[in-house]
Amino acid sequence: MDNRETFGSRFAVIMAMAGSAIGLGNIWRFPYIVGQGGGSAFIIVYLISTLVISLPIFLSEAVIGRKTHKGTFGAMQQLAPGTPWRWLGLLTVVSPLIILSYYSVVGGWSVEFLFKALTLGFSTGNEAEITGFFGSFISSPWGPLACHTVFLGICALIVVAGVKKGIETFSTWTMPVLFVLIVFIMIYALTLPGSGAGVDYLLKPDFSKLTASAVASAMGQSFFSLSLGVGTILTYASYVHKDENLLGSGIGTAGFDLLFALIAGFAVMPAVFAAGIEPAAGPGLVFETLPYIFAKMGASTPWLSALVSILFFLTILVAAVSSAISMLEVGVAYLVEEKHFTRGKAVAVLFVGCWLLGALCSLSFGPLAGVKIFGETLFSFCDKLTSNFLMAFGGLLFTIFAGWRMDRADVRDELRAGKAFRVLYFLIRFVAPAAIVLIFLTNLFL
Ligand code: PFF
């Protein structure tokens with residue numbers, strides 16, 4: 001296995017993979033779609049989707065990565081040389097870099113909001129001005145560009161330091177801290193008067209809301225949340241030592257990711273309901289609704305508002321960085337292994353490429369708002385292309401590859417799942433691919 005770096009321990013593997021998984025998706029999407037989709041009824045569907053679809057895709061990627069100890073392209077070349085599978089290798093080098101470009105724009109917003117929290121902008125500001133701040137900030141050209149540069153720069157510095165010194169060190173230190181932070185924010189939110197309505201929103205089972213499209217969105221969210229289908233898990237698994245148990249890492253990562261999403265839900269929604277606001281999804285939830293709540297809180301207890309707003313935006317920033325570095329690493333692994341770049345040069349080249357695409361995405365909230373691709377701004381086009389299409393497509397192909405193209409014995413040796421192997425192999429070969437096709441069709445027709 002030459003002198004390729006490996007993660008130092010099982011804990012490091014899970015923290016790095018959980019770092020990739022835990023991100024903006026957990027904080028601004030999960031809480032909202034749980035409430036929309038029928039509370040605990042939705043959570044049950046989400047759990048089942050994670051077990052029967054996402055975990056098999058996760059394991060497919062992990063098996064391919066660990067078997068070859070190569071990045072996505074190299075893995076395909078080694079296991080299926082001279083076949084069209086190389087295109088899957090290439091696709092999954094490109095798709096995480098597209099995600100990284102626009103993810104970094106949002107990561108940049110969290111840099112600005114953390115800065116504003118640190119300078120007491122939320123705790124001492126006026127509510128109306130704070131609610132309007134987000135809209136005027138993202139549509140101005142320079143501020144978001146500067147923040148996008150800072151965010152991508154932080155990711156580049158971590159990745160250039162290497163798999164062990166950079167990614168592993170960052171993830172093993174920040175993930176536990178992130179967990180403590182979000183638990184603290186949750187406890188605070190749950191003590192607010194009126195927060196019970198937020199808990200009801202998340203937990204009250206309502207099977208009438210559990211429509212076909214809610215089921216499809218549970219599957220899609222579980223998929224996005226575990227960073228599947230774009231080669232990040234494959235690439236991280238290629239740094240996992242042969243003795244490590246992949247199934248254990250998969251279950252650990254999925255469990256931590258779900259736990260974090262649930263706690264984030266209990267941190268965000270009770271606060272939203274306590275303030276008497278209708279919950280929104282996406283950027284509006286964390287960059288408009290919550291600052292408004294912080295401002296309201298600041299009127300009576302400025303120090304508490306300052307503390308909670310700082311911790312909250314710090315949590316978002318760290319969660320976004322730990323996801324973004326996994327996307328960057330996929331491209332770096334490709335350039336280093338296949339094109340023989342040094343790590344520094346690979347990071348520099350990808351920094352420039354992602355910075356440019358990200359800059360255009362950032363400007364699509366302002367000066368370039370009129371430029372449309374298939375009726376979407378560049379930012380939203382990149383988002384939809386990757387999260388609705390490329391991730392599912394990549395996930396489908398990875399399961400087909402592991403289930404039908406790889407040697408069964410290799411898959412078994414990598415998984416080392418004992419008696420559970422037959423069930424897992426069945427999920428990889430039949431259930432997961434069929435379910436992904438079903439999500440596609442549901443999204444297409446609904
Ligand atoms: N899992 C991340 C989140 O929930 O925010 C998003 C993500 C990370 C998607 C890494 C894709 C990826 F390669």
Of 296/384; 204/419; 242/339; 116/339; 67/209; 116/345, which pairs sit farther than 31 Å apart, going by alpha carbon to alpha carbon?
-> 296/384; 204/419; 116/339; 67/209; 116/345
When 391, 406 are ranked with the fewest other C-beta atoms within 10 Å first, the list becomes 406, 391
Return, for the Cα atoms of the chain, the radius of gyration and Dmax in Å, separated by a comma.
-> 21.1, 67
Could you give me the ³J(HN,Hα) list for region 21-36, computed from phi with Karplus coefficients 6.51, -1.76, 1.60 and θ = phi - 60°, whole Hz, x at Gly and Pro?
-> 6, 7, x, 4, x, 6, 8, 10, 9, 4, x, 5, 6, 5, x, 5
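Rounded to the nearest 0.05, what FRET efficiency do residue 204 and residue 78 give with R0 = 51 Å and r taken as the Cβ-Cβ distance? Could you check?
0.50
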Please find the FRET efficiency linking residue 124 to residue 259, where r is the Cβ-Cβ separation and R0 is fixed at 41 Å, and quote it to the nearest 0.05.
-> 0.75
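Ranking 204, 67 by Cβ neighbours within 10 Å, fewest first, what do you get? List each step's numbers first, then the result.
Working: 204 13, 67 22.
Placing the least packed residue first, the sequence is 204, 67.
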Going residue by residue through region 210-225, the Karplus relation 6.51 cos²θ - 1.76 cosθ + 1.60 with θ = phi - 60° gives ³J(HN,Hα) values, rounded to whole Hz and with x marking Gly or Pro, of 7, 7, 4, 6, 5, 5, 5, 6, 4, 5, x, 5, 4, 5, 5, 5
Tell me the Kirkwood hydrodynamic radius of region 87-237 in angstroms, computed as one over the mean inverse distance between distinct C-alpha pairs.
-> 19.2
Any chance you could run the full-extension gain for residue 437 through residue 157? It's 0.36 nm times the residue separation minus the Cα-Cα distance, nm to one decimal.
-> 96.9 nm
Place a +1 charge on the Cβ of each Lys and Arg in region 56-129 and a -1 charge on the Cβ of each Asp and Glu, then give the dipole magnitude about the Cα centre in debye, rounded to the nearest 20.
-> 620
What size of dipole, in debye to the nearest 20, comes out for the chain about its Cα centre when the only charges are +1 on Lys and Arg C-beta atoms and -1 on Asp and Glu C-beta atoms?
-> 900
Net charge contributed by nearby residues that have their C-beta within less than 14 Å of residue 269 (K/R +1, D/E -1) = 0
With label points built 7 Å along Cα→Cβ from the Cα atoms of residue 426 and residue 372, find their separation and express it in nm.
-> 4.9
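Mind pulling up the Rg/Rh value for region 176-332? Radius of gyration and Kirkwood radius, both on Cα.
Numbers: Rg = 17.9 Å, Rh = 17.6 Å.
Result: Rg/Rh = 1.02.
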Potential extension, residue 10-residue 47 segment - 0.36 nm per residue separation minus Cα distance = 11.0 nm
At q = 0.15, 0.17 Å⁻¹, base-10 log of I(q)/I(0) for region 189-231 (Debye sum, equal scatterers on each alpha carbon) | -0.60, -0.69
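Coordinate-derived values only; no laboratory data. Bear in mind the structure is a predicted one, so any value in this text is a computation, not a measurement. FYI the Cβ positions are ideal-geometry reconstructions off the backbone, even for glycines, and counts take in every protein chain you see.
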